[in-house]
Amino acid sequence: MESAAVSEQRKPGAGPSAKQPAGDNRPKILAATMKRYQYQPDALIEALYTAQELYGYLDLDILTKIAADLKLPPSHVYGVTTFYQFFSLKPRGKHTCLVCMGTACYVRGAAAIVAALEERAGVKAGETTPDGKASILTARCIGACGIAPAVVFDGSVAPFVTPESATQRLGEWLANGS
């Protein structure tokens with residue numbers, strides 16, 4: 001189930017750096033999270049997680065705000081954000097397809113799955129379809145080597161995925177958007 005905040009952020013101009021509409025309490029929620037940790041630098045991951053949940057992604061304005069509030073160098077905040085796979089600097093689609101590229105998955109055909117998904121969606125891995133329906137993502141490893149190749153469809157891990165089964169799932173998302 002998608003939160004109203006995440007649904008709202010998918011509208012053009014509704015991201016973290018957009019002018020917030022009256023009654024939008026997301027900045028207050030983020031501030032309360034950092035306050036709970038007394039604005040200590042070790043609250044960074046929690047602040048980033050909260051911002052990601054509130055806005056759906058982390059743009060440079062929100063990263064700069066978090067850096068200033070926690071008295072951290074912006075480069076450190078950016079480095080942490082780009083290190084962890086969970087965080088995104090761009091809006092993601094309504095649906096996400098995350099292909100594991102770890103050794104076991106790669107050896108068992110993950111590259112072919114990514115290629116098939118890219119062709120079907122018309123975008124490269126790491127991008128979102130122009131209509132915002134789906135994002136194709138890759139991860140270094142999701143720790144599901146025994147069921148390789150594994151793909152995470154909207155948070156649910158699918159085992160022994162083939163290019164055909166992955167593109168079928170993506171096709172359903174693109175056809176009806178649900």
When Gly171 is run through (1) out of contact with any helix residue (DSSP H, G or I) (no Cβ under 6 Å at 6 or more places or on another chain); (2) open to solvent by 40 Å² or more (accessible area, probe 1.4 Å), the failure sits at (2)
Condition check: within 15 Å of Gly155 (Cα to Cα), without any contact (Cβ under 8 Å) to a residue 60 or more places away in the chain and not small (Gly, Ala, Ser). Does Cys141 satisfy that?
yes
Filter result for Ala125 (touching a residue at least 40 places away in the same chain (Cβ under 8 Å) and either of a type outside the set (D, E, K, R) or open to solvent by less than 40 Å² (accessible area, probe 1.4 Å) (or both)):
no
Within the range 70-96, residues being under 26 Å from Leu117 (Cα atoms), open to solvent by less than 30 Å² (accessible area, probe 1.4 Å) and in a helix (DSSP H, G or I) number 1
Do the conditions hold for Lys124, that is, is it within 21 Å of the chain's Cα centre (by Cα), at pLDDT below 95 and closer than 23 Å to Pro159 by Cα?
no
Qualifying positions in the range 140-164 - open to solvent by less than 50 Å² (accessible area, probe 1.4 Å) and outside any strand (DSSP E or B):
Ala144, Ala148, Pro149, Ala150, Val161, Pro163
The correct count of residues that are closer than 19 Å to Asn25 by Cβ and open to solvent by 80 Å² or more (accessible area, probe 1.4 Å) in the range 40-69 is 4
Evaluate the following for Pro130: is it of a type outside the set (S, T, N, Q), part of a loop (DSSP other than H, G, I, E, B) and buried (at least 19 other Cβ atoms within 10 Å of the Cβ)?
no
I'd like to know if the range 102-112 contains one or more residues that are at pLDDT below 95 and either aromatic (Phe, Trp, Tyr) or crowded, with 16+ Cβ neighbours inside 10 Å (or both).
no
Looking at Leu117, Leu137 in this structure, which one is within 17 Å of Ser88 (Cα to Cα) and open to solvent by less than 50 Å² (accessible area, probe 1.4 Å)?
Leu137
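The values are calculated or read from the model by the stated rules, or taken from the named source; none is laboratory data. Remember, it's a predicted structure, so these values are computed and weren't measured experimentally. Cβ atoms come from the backbone with ideal geometry, glycine included; neighbour counts cover every protein chain shown. Heads up: the accessible areas ignore ligands, DNA and RNA and are worked out on the full protein's heavy atoms, side chains in. Shrake-Rupley method; radii C 1.70, N 1.55, O 1.52, S 1.80 Å.
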